[in-house]
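Here the structure is laid out as C-alpha cells; the discussion comes afterwards.
The values are calculated or read from the model by the stated rules, or taken from the named source; none is laboratory data. Nothing here was measured: the structure is a model prediction, and the numbers come from that model. Please note: Cβ atoms are built from the backbone with ideal geometry, for glycine as well, and neighbour counts cover all protein chains shown. SASA here: full protein model, heavy atoms, side chains in, ligands and nucleic acids out. Shrake-Rupley method; radii C 1.70, N 1.55, O 1.52, S 1.80 Å.
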Amino acid sequence: MRGKFITIEGTEGVGKTTNIQFIQSWMEKNKLAFATTREPGGTPLAEQIRELLLAPREESVSNTAELLMVFAARAQHINQVIEPMLGEGAWVLCDRFTDATYAYQGAGRNMRDDLIAELEVLVQGSLRPDLTLILDIPVEIGLKRAGERSTPDRFELERVEFFDRVRNRYLQIAKDSPERCVIIDASQSLEGVQKQIETALSHFMETT
Ligand code: Z5A
C-alpha cells in the first residue's frame, strides 16, 4: 500500500524542526515505516539549490529565479526521494512543501498564483500532501524565536509585513483546504503544541 505524505508548514521560528522530532517518535510508537525530509532540499542536488536560495547576497535575486529554484529542487526531491518512498509504502514527513511556495513566493513576493499552479502541475503531476500541519503564531514571536537560534538567512532578513502576508496566506490555505490542513496553535507551550499535533495525527490515522 502506498505511504502517506505529511507536510509541516508555518512562518519562521514556529517550531517545525522541534516538533518534527516529536512526530518521528509518534510514528515509531505506531510502528510506521517513515522517512523525514525537507524543502528546499532532501537530495544532494536539492540541498545545493537550498544553499543558493538562502544565502544572503548583495546581488538582488529575481522573483522568477527564486520561484524556479524552489521548483527545480522540488522536482529532484520528488523524483529521488518522495515518490520512491511513498511507492515503497513508507510515510514521508516533509518540512515544508508547495504551500510554502504559495505563501512565500505567492503572498510574500506577490507572484501570480496561476504561475505557481502551472509549475505545481508540471513538477508534481497529481502529487499533493495527504495531511498538512500548519503551525501558527504571531509573526513577531516566531521571528524572535528564530533570531535567538541562528544568524538570519536571506528570507529572515525580510520585513515583518512580508511575514504577515506569508502567515495570512497559510491561514487562507487552511480555510480553503479544511480536509487536508490542520492549524496548530504554536504559541502554546511545547507540551500544548504536541498535544494538538498528536490529536491531529491520531484523527488522520483513524480516518484514512
Ligand atoms: N521557502 C520558500 O520560500 N519557498 C518554498 O517553497 C519553500 C521554502 C519550501 C527555509 O525554510 C526557507 O525556505 C524558509 C522559506 C523558504 N524561510 N526562511 N527562512 P526552513 O523551514 O528551513 O527555515 P525556517 O522557516 O526559518 O525554519 P526554522 O527557523 O528552522 O524554524 P522552525 O523549524 O519552525 O523552528 P524551530 O527551530 O523548531 O524553533 C525555533 C526556536 O523556538 C527554537 O529555539 C525552539 O527551541 C523554540 N521553540 C519551539 N517551539 C516552542 C514553543 N512551543 N515554545 C517556546 N519555544 C519554542
Here the residues within the range 155-185 that are assigned to a loop (DSSP other than H, G, I, E, B) and either among the β-branched types (Val, Ile, Thr) or closer than 24 Å to Asn30 by Cα (or both) are Glu179, Arg180
With the condition kept exactly as written, say whether any residue in the range 21-31 is within 8 Å of the ligand (Cβ to nearest atom) and within 30 Å of Leu190 (Cβ to Cβ). no
Mind checking which residues of the range 106-153 are more than 17 Å from Arg180 (Cβ to Cβ), charged (D, E, K, R) and touching a residue at least 60 places away in the same chain (Cβ under 8 Å)? Lys144, Arg145, Arg149, Asp153
Checked against (1) under 16 Å from Ile137 (Cα atoms); (2) open to solvent by 60 Å² or more (accessible area, probe 1.4 Å), Thr208 satisfies every condition except (1)
Which residue is surrounded by the most Cβ atoms within 10 Å (Cβ to Cβ), if the candidates are limited to the range 182-202 and must be more than 8 Å from the ligand (Cβ to nearest atom) and of a type in the set (Val, Ile, Thr)? Ile184
Does Gly142 meet the test of being more than 8 Å from the ligand (Cβ to nearest atom), out of contact with any Phe, Trp or Tyr (no Cβ under 7 Å at 6 or more places or on another chain) and either open to solvent by less than 10 Å² (accessible area, probe 1.4 Å) or outside any helix (DSSP H, G or I) (or both)? no
Which condition does Gly42 not pass, out of (1) open to solvent by less than 80 Å² (accessible area, probe 1.4 Å); (2) outside any loop (DSSP other than H, G, I, E, B); (3) in contact (Cβ under 8 Å) with a residue 12 or more places away in the chain, if it passes all the others? (2)
Could you pull out the residue among Ile137, Ile173 that is more than 9 Å from the ligand (Cβ to nearest atom), in contact with a strand residue (DSSP E or B) (Cβ under 9 Å, 6 or more places away or on another chain) and not polar (S, T, N, Q)? Ile173
Return the total of residues in the range 186-208 being part of a helix (DSSP H, G or I) and without any contact (Cβ under 8 Å) to a residue 40 or more places away in the chain. 9
Just to be sure before I move on: is Glu118 modelled with pLDDT of 95 or more, open to solvent by 40 Å² or more (accessible area, probe 1.4 Å), of a type in the set (D, E, K, R) and within 23 Å of Ile173 (Cα to Cα) in the structure I sent? yes
Count, please, the residues in the range 184-208 that happen to be of a type outside the set (Ser, Thr, Tyr), out of contact with any Leu (no Cβ under 7 Å at 6 or more places or on another chain) and over 23 Å from Ala90 (Cβ atoms). 8
